[in-house]
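**Q** The structure under discussion is supplied below as C-alpha cells; questions concerning it will follow.
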Amino acid sequence: MNIQQLEYIAAVDNLRHFAKAAEGCHVTQPTLSMMIQKLEEELDCKIFDRSRQPVVPTDIGETVIRQARKILNEVGRLHELVKERQAALNGKLCVGIIPTLAPYLVPYFLESFVLKYPSVEFTVTEHLTQTLLEKLKTGAVDAAVMAGPLPDKSLEGQSLFFEAFFVYTSDTAQKEGLMADELNAEDLWLLQEGHCLRTSIRQLCDQERDCGKQFRYEAGSLETLKRLVEMKLGYTILPELAAMTLPKDHRFMLRSFASPAPAREIMLVTQPDYIKKRLIQALKDEILACLPASILEERALKVV
C-alpha cells in the first residue's frame, strides 16, 4: 500500500469513472486500474463495483475510501508543516559572541548547525559586550551570546549554561580547591577594560588591595594571558570552555576553586520583538545539544 494508490481510489470516487480519474492523475487507465486492483488484493476486498456505470464504491469500499481521505489529509498537513518549518529556517542569521567565549563555543555547534540548516546564511562575529548591545538594538546582529547578568532590561535574555572558573597557574605547587581570598592579586593577569570577564574576575579579588600589574597589561585575548602564564609569569583565571581547550600537557597547570566554584552565566540575548524566534530556538537547541555534558550538569556554582 502506498500514498499513490490512496490518491487513485479517491480520484475514482470523485469522478466515478476510471478513465477520467486516470487523466486527472496523469497516468494511463491500465496503470491506475492495476494499482487499484493491487490495493484490493492487499486488503482482500472490492473497493469499487465495476459492473455499474458510473462506477460506485462497495459498502466496504466506502469505508476504505473514507479512511484513505483521512490519511491523504494528514499527508497534506505533513507537507505544510515541513514547508512552514523550512520557511522559518531560511534567510540570514547573524550572531554576535563575546571574544572570551566565541573561540571555544563556536567549534562545538557550527558544523552541525550549518549542515542541518543549509538554507540559512549564518554569520558569527566577535564583539565586546557593550558593542554587542548596541548592535542588537540597531539590528546589526540578530542575537548575541554573552555573559550575564543582562545589563539592558529592554532586551530579552535566555539562560544557556554556566561556566565555572579555573585558575591557570605557573605555580605547580598550588593546591586544588582554592578560595578566592587566597589568590595573590599582584600575580594575576587580566584582560583589558571592556571585557565582561575582567569585571567578573575583579569581583573575586579584594578591590581594596593594590592589584598591581593586573591593570597595566592591556591583553586583548585569553590566548595572550595563557602564553604569559606558560612563560611562568603568574596566573590567570579561565572560563570552563577555554580551560577545556588546553593541550593535555598543559592541564596540570589548572586548579579548581573550592565549592561552590565561581562561575558566569552564559545567555542568548535578542530584542523582545524579534521576528526570527524559531530560528533562534533552533540555534539554541543546537548549542545545547553539542555542548559537553559536564557543562550542563547541575553543580554547586556561585555566579560572580
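**Q** Give the residues of the range 124-140 that are at pLDDT below 95 and either under 16 Å from the mean Cα position of the chain (by Cα) or among the hydroxyl-bearing types (Ser, Thr, Tyr) (or both), sorted by residue number.
**A** THR129, THR131, THR138 - these are the residues of the range 124-140 that are at pLDDT below 95 and either under 16 Å from the mean Cα position of the chain (by Cα) or among the hydroxyl-bearing types (Ser, Thr, Tyr) (or both).
**Q** Exactly one of (1) under 20 Å from the mean Cα position of the chain (by Cα); (2) within 15 Å of MET267 (Cβ to Cβ); (3) at pLDDT below 95 is unmet by PRO118. Its number?
**A** The single condition PRO118 does not satisfy is (2).
**Q** Any residue at all in the range 241-256 that's modelled with pLDDT under 90, touching a helix residue (DSSP H, G or I) at 6+ places or on another chain (Cβ under 7 Å), under 22 Å from GLY148 (Cβ atoms) and not assigned by TED's automatic domain parsing to the domain that holds GLY96?
**A** Among the residues of the range 241-256, not one is modelled with pLDDT under 90, touching a helix residue (DSSP H, G or I) at 6+ places or on another chain (Cβ under 7 Å), under 22 Å from GLY148 (Cβ atoms) and not assigned by TED's automatic domain parsing to the domain that holds GLY96, which makes the answer no.
**Q** When both residues are 6+ apart or on different chains and their Cβ atoms are under 6 Å apart, which pairs have a first residue that lies in the range 26-38 and is in the same structural domain as ARG50 (by TED's automatic domain parsing), and a second that is of a type in the set (Ser, Thr, Tyr)?
**A** Hits for this filter: LEU32/TYR8; MET35/TYR8; ILE36/TYR8.
**Q** Tell me yes or no: at least one residue of the range 202-209 is in a helix (DSSP H, G or I), modelled with pLDDT under 85 and over 28 Å from the mean Cα position of the chain (by Cα).
**A** The initial filter retains those residues of the range 202-209 that are in a helix (DSSP H, G or I), namely 202.
Then keep just the ones that are modelled with pLDDT under 85; that gives 202.
Next cut, over 28 Å from the mean Cα position of the chain (by Cα) only: 202.
Yes, because at least one residue in the range 202-209 is in a helix (DSSP H, G or I), modelled with pLDDT under 85 and over 28 Å from the mean Cα position of the chain (by Cα).
**Q** Just checking: which of the strands (runs of 3 or more DSSP E) contained wholly in the range 83-150 hold 3 or more residues that are buried (at least 18 other Cβ atoms within 10 Å of the Cβ)?
**A** Ranges flagged: 91-97, 143-147.
**Q** Wholly within the range 232-304, which strands (runs of 3 or more DSSP E) include no fewer than the required count, namely at least 1 residues that are surrounded by fewer than 17 Cβ atoms within 10 Å (Cβ to Cβ)?
**A** On the way: elements: 235-239, 254-256, 261-270, 301-303.
Result: 254-256, 301-303.
**Q** Look at GLY61 and say whether it is outside any helix (DSSP H, G or I) and buried (at least 19 other Cβ atoms within 10 Å of the Cβ). Spell out how you get there, then give the answer.
**A** On the way: outside any helix (DSSP H, G or I): no; buried (at least 19 other Cβ atoms within 10 Å of the Cβ): yes.
Answer is no for this residue.
**Q** Residue check: is ARG227 without any contact (Cβ under 8 Å) to a residue 60 or more places away in the chain, more than 27 Å from GLY96 (Cβ to Cβ) and surrounded by fewer than 18 Cβ atoms within 10 Å (Cβ to Cβ)?
**A** So ARG227 does not fit the description; no.
**Q** Hey, another quick one. Of all residues in the range 272-288, count the ones that are touching a residue at least 60 places away in the same chain (Cβ under 8 Å) and not hydroxyl-bearing (Ser, Thr, Tyr).
**A** 11
The values are calculated or read from the model by the stated rules, or taken from the named source; none is laboratory data. Bear in mind that the values here come from a model prediction, so they are computed numbers and not experimental data. Counting neighbours? That spans all protein chains shown, and the Cβs are built from the backbone with ideal geometry, glycine included.
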